[in-house]
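Since the structure comes first, as structure tokens, the remarks are kept for the end.
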Amino acid sequence: MNNSVMIQIPGTTANCGPGFDAIGIACTVYNDFELTFHDSSRLVIEVDGEGKETIPTDEKNIAYQAVLDLLRKINHQIPGMTIKMFNRIPLSRGLGSSAAAIVAGLVAANELTGQSLSKQQLLDIATSIEGHPDNVAPAIYGGVTINVCRDGATECLRIIPPKPLLMVVAVPDFILSTKAARQVLPKQVPLQDAVFNVSRSALLTGAFCTGEYRHLSAAMDDRLHQPYRQQLVPGMPEVLRAAFDAGAFGSALSGAGPCLIAFCDQNADHIGQCMVDAFQANGITASCMVLSIDTDGAKRI
Ligand SMILES: Nc1ncnc2c1ncn2[C@@H]1O[C@H](COP(=O)(O)OP(=O)(O)OP(=O)(O)O)[C@@H](O)[C@H]1O
Ligand SMILES: N[C@@H](CCO)C(=O)O
């Protein structure tokens with residue numbers, strides 16, 4: 001049994017507008033995660049990069065918790081361990097940092113214990129920890145994933161779009177926890193809003209499958225979560241509009257926010273600058289990342 005493993009895990013953008021808790025995409029921004037089992041009973045966690053000042057380095061760390069969950073699942077003894085992480089995925093911004101941490105812990109522990117669990121089993125465990133599948137599924141499989149929870153398991157269809165797609169992410173300089181962004185959502189929605197999202201989600205999936213990205217303008221519209229979350233992200237309508245005016249196919253809140261994401265196939269830097277400027281005009285400092293679709297998901301490096 002090897003006692004050390006290094007995993008690379010992608011960030012993810014969930015929802016893409018209408019696909020609330022169902023659609024997610026793996027993005028080309030990565031965390032590195034090293035797990036070492038050793039004979040002593042000590043736990044050592046070292047964090048570098050994003051979250052260096054805030055991520056817990058004790059038993060409360062969610063990546064460590066995921067390692068424990070996997071070891072218990074396969075009835076493996078709990079050894080002492082050292083976790084070293086280098087994070088590039090911004091924290092609490094809507095790019096799946098918590099999903100990346102959970103998937104990193106599960107995949108690393110599975111690798112170190114003989115890969116006894118399949119990706120499907122890892123997905124089911126990750127979904128139960130995260131509470132929804134739309135970030136953990138693309139973090140595991142890569143690509144665009146359509147995810148359905150059914151009878152305690154997560155069914156995942158992975159799509160690799162036939163034409164290149166760029167994702168321009170405007171990253172504002174404030175954090176918003178997923179928990180807080182879910183608390184503003186209503187428990188019930190009008191039937192016409194549900195119908196609105198069903199049609200857009202179907203169109204979105206079709207656009208990804210065919211590469212007919214001109215449909216993304218309509219397909220990224222949403223009535224289930226964005227109208228309620230808009231109050232939490234100053235300038236959100238203006239930034240989304242700025243992306244569209246600069247030539248993006250469509251734009252949306254990334255995950256639970258506060259990042260805003262635009263899809264395009266050219267002029268990404270210009271679109272990003274227009275989004276950053278629109279945030280600035282609303283009193284928010286932001287930076288921009290231009291990403292594409294990661295097709296591998298979490299993997300050993
Ligand atoms: N590498 C990490 N190791 C341990 N914990 C982490 C790590 N990255 C993030 N976390 C935990 O996850 C929390 C952020 O999760 P949250 O769901 O609020 O946001 P997110 O996953 O970045 O965004 P979203 O779910 O909208 O994509 C952090 O406050 C931290 O506690
Ligand atoms: N679907 C989730 C993604 C963020 O984790 C949400 O919007 O709350």
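The values are calculated or read from the model by the stated rules, or taken from the named source; none is laboratory data. Computed from a predicted structure; not experimentally measured. Here the Cβ is made from the backbone with ideal geometry for all residues, glycine too, and neighbour counts use every protein chain on show.
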- Task: Considering each of Leu224, Leu253 in turn, give the residue that is touching a Phe, Trp or Tyr at 6+ places or on another chain (Cβ under 6 Å) and either over 15 Å from Ala22 (Cβ atoms) or in the same structural domain as Asp173 (by TED's automatic domain parsing) (or both).
- Result: Leu224
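Considering Arg150, Arg88, Arg72, which residue is of a type outside the set (Gly, Ala, Ser) and under 23 Å from Val169 (Cβ atoms)?
Arg88
Can you say whether Ala153 is crowded, with 22+ Cβ neighbours inside 10 Å and either more than 14 Å from the chain's Cα centre (by Cα) or at pLDDT below 95 (or both), as far as the supplied structure shows?
So Ala153 does not fit the description; no.
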- Query: If we scan the stretch 250-265, do we find a residue that is part of a helix (DSSP H, G or I), within 16 Å of ligand 2 (Cβ to nearest atom) and closer than 23 Å to Ser98 by Cβ?
  - Reply: no
- Message: Pairs needed: first member in the stretch 112-140, touching a residue at least 40 places away in the same chain (Cβ under 8 Å); second member anywhere, more than 16 Å from ligand 1 (Cβ to nearest atom) and in a loop (DSSP other than H, G, I, E, B); C-beta distance under 6 Å; at least 6 residues apart or different chains.
- Response: Thr113/His76; Ser116/Ile74
- If you go through the stretch 137-165 one residue at a time, how many are part of a loop (DSSP other than H, G, I, E, B) and out of contact with any strand residue (DSSP E or B) (no Cβ under 9 Å at 6 or more places or on another chain)? 4
- Take Gly114 and decide whether it is modelled with pLDDT under 95, surrounded by fewer than 21 Cβ atoms within 10 Å (Cβ to Cβ) and either near ligand 1 (Cβ under 10 Å from one of its atoms) or of a type outside the set (D, E, K, R) (or both). yes
- Which condition number in (1) assigned to a loop (DSSP other than H, G, I, E, B); (2) away from ligand 1 (no atom under 16 Å from the Cβ); (3) touching a strand residue (DSSP E or B) at 6+ places or on another chain (Cβ under 7 Å) is the one that Phe279 fails? (1)
- Among (1) assigned by TED's automatic domain parsing to the domain that holds Leu95; (2) more than 24 Å from Gly272 (Cα to Cα); (3) at pLDDT 95 or above - the single one Lys179 does not satisfy: (1)
- Item | Options Leu216, Leu224, Leu204, Leu240; residue that is within 18 Å of the chain's Cα centre (by Cα), buried (at least 18 other Cβ atoms within 10 Å of the Cβ) and of a type in the set (A, V, I, L, M) | Leu204
- Which is in contact (Cβ under 8 Å) with a residue 24 or more places away in the chain, in the same structural domain as Ala153 (by TED's automatic domain parsing) and either within 16 Å of ligand 2 (Cβ to nearest atom) or within 21 Å of Gly257 (Cβ to Cβ) (or both), of Thr54, Thr82? Thr54
- Note: among Phe196, Phe208, Phe174, just one is more than 15 Å from ligand 2 (Cβ to nearest atom), assigned to a loop (DSSP other than H, G, I, E, B) and either in the same structural domain as Cys274 (by TED's automatic domain parsing) or of a type in the set (D, E, K, R) (or both), namely Phe174
- Task: For Val168, state whether it is touching a Cys at 6+ places or on another chain (Cβ under 7 Å) and part of a strand (DSSP E or B).
- Result: yes
